[in-house]
Amino acid sequence: MNLALVFLIIIINNLRLFAKGTEDANAAAGLGASFIFGDSLVDAGNNNYLPTLSRANIPPNGIDFKPSGGNPTGRYTNGRTIGDIVGEELGQPHYAVPFLAPNSTGKVILHGVNYASGGGGIMNATGRIFINRLSIEIQVDYFNITRKQIEQLLGEKQARDYIMRKSIFSVTIGSNDFLNNYLLPVLSIGARVSQTPDSFINDLITHLKAQLTRLYQLDARKFIVGNVGPIGCIPYQKTINRLNEDECVALPNKLANQYNERLKGLIAELNKNLPGATFVHANVYDLVMEIITNYEKYGFTTASRACCGNGGQFAGIIPCGPQSSMCSDRDKHVFWDPYHPSEAANIIVAKQLVDGDTKYISPMNLRQLRDLGL
């Protein structure tokens with residue numbers, strides 16, 4: 001081997017080591033570190049590793065997700081989730097890895113971990129029709145495992161600093177507690193007879209408060225908590241209730257608003273009572289309702305019909321799968337399937353959360369939250 005080739009190999013290896021060292025340093029610096037808790041709106045593939053009826057690891061889900069070459073990853077949309085887009089916007093070098101994925105070990109967790117699960121809810125019983133799913137309580141249990149792994153990687157003091165100052169904890173949950181629990185046809189009738197909406201919502205707030213407090217006790221300090229969107233306006237609800245295009249089902253939206261009002265109070269209480277913590281409130285309900293109501297202004301042609309689905313006027317009964325009809329203009333549909341927004345809608349929501357004003361995110365946006373105390 002000639003000398004020039006030896007030098008070239010040494011230089012290439014040094015560059016690789018430098019690049020790896022830079023990446024590890026960036027990870028340790030917590031640039032855009034993101035810990036994601038929630039349901040199918042932000043699940044990045046955890047349900048792929050569960051024996052469950054709620055899965056999105058079948059085509060054409062993920063058809064526009066470039067990192068997988070258009071193959072399904074377990075995301076319940078055609079492309080990126082809101083969590084993916086927020087991470088990109090905040091400078092996260094890699095998507096938060098699903099906790100249950102085999103590669104969620106080692107330094108990759110320093111970029112963040114995704115614990116979200118399709119069908120999961122605030123209440124442990126929510127989503128039981130899917131057999132398996134991760135409730136918020138189980139998701140926090142899993143973060144406790146990650147917390148110990150970060151300590152092994154960085155040492156006790158640096159791990160605590162990394163989690164407290166340089167990590168954002170996002171919580172997107174609550175929709176399934178209504179759609180797949182309290183409002184579930186047939187199965188939930190007994191619950192609705194025995195428990196008033198106020199009592200059920202009180203249980204939700206109590207459970208959520210306990211889990212957010214647990215995260216605080218595990219050193220989480222920067223939180224964003226989303227409220228429940230206009231679940232009465234999704235294609236599934238419009239289809240089964242045979243509504244007109246510009247109508248939404250009243251009861252689910254009424255319950256969502258009742259819950260959202262209580263959530264706002266909870267976030268104010270936690271900001272007051274947990275020293276050093278900042279809880280940011282994402283008004284997802286009003287933001288998504290704005291997109292649905294004025295969809296043409298945002299470049300969409302429909303806010304009622306699912307791009308991928310079958311059944312009824314709005315293709316809203318049968319979930320998206322290989323046998324589904326699929327629209328050709330995916331970026332013109334607010335909804336990808338009977339339940340979930342398209343990537344195009346997710347982009348609008350995510351960008352408002354990152355850089356928007358207090359109309360939709362308060363008391364600060366996510367870019368300001370990321371830089372807080374740094």
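Just so it is clear, none of the values below were taken in a lab; they were calculated from the coordinates. Quantities reported herein were computed from a predicted structural model and do not represent experimental measurements. Here Cβ is always computed from backbone atoms with ideal geometry, including for glycine, and neighbour counts include all displayed protein chains.
Scaled to the globular estimate 2.2 N^0.38 Å, the Cα spread of the chain, given as radius of gyration, is 1.01.
Residue exposure proxy: His340, His111, ordered by other Cβ atoms within 10 angstrom of their Cβ from fewest to most, comes out as His111, His340. Each of Glu88 and Ile240 was given a label point 7 Å from its Cα along the Cα-to-Cβ line. The distance between the two points is 3.3 nm.
Of Glu151, Glu245, Glu343, the sequence from fewest to most neighbouring Cβ atoms within 10 angstrom is Glu245, Glu151, Glu343. Sorting Leu366, Leu263 by the number of Cβ atoms found within 10 Å of their own Cβ, with the fewest placed first, yields Leu263, Leu366. The Cys residues in the chain all have a partner Cys Cβ at less than 4.7 Å from their Cβ. For the chain, the longest principal axis of the alpha carbon atoms and the long axis of helix 156-166 meet at an angle near 50°. Going toward the positive end of the dipole of the chain, with +1 on Lys and Arg Cβ and -1 on Asp and Glu Cβ, which of Asn61, Leu251, Leu212 do you reach last? My answer, from the dipole projection, is Leu212.
Each Lys and Arg Cβ is given +1 and each Asp and Glu Cβ -1; about its Cα centre, the chain then shows a dipole of about 580 debye. Beta bridges from DSSP with both residues in the chain: antiparallel share about 20 percent, rounded to the nearest 5.
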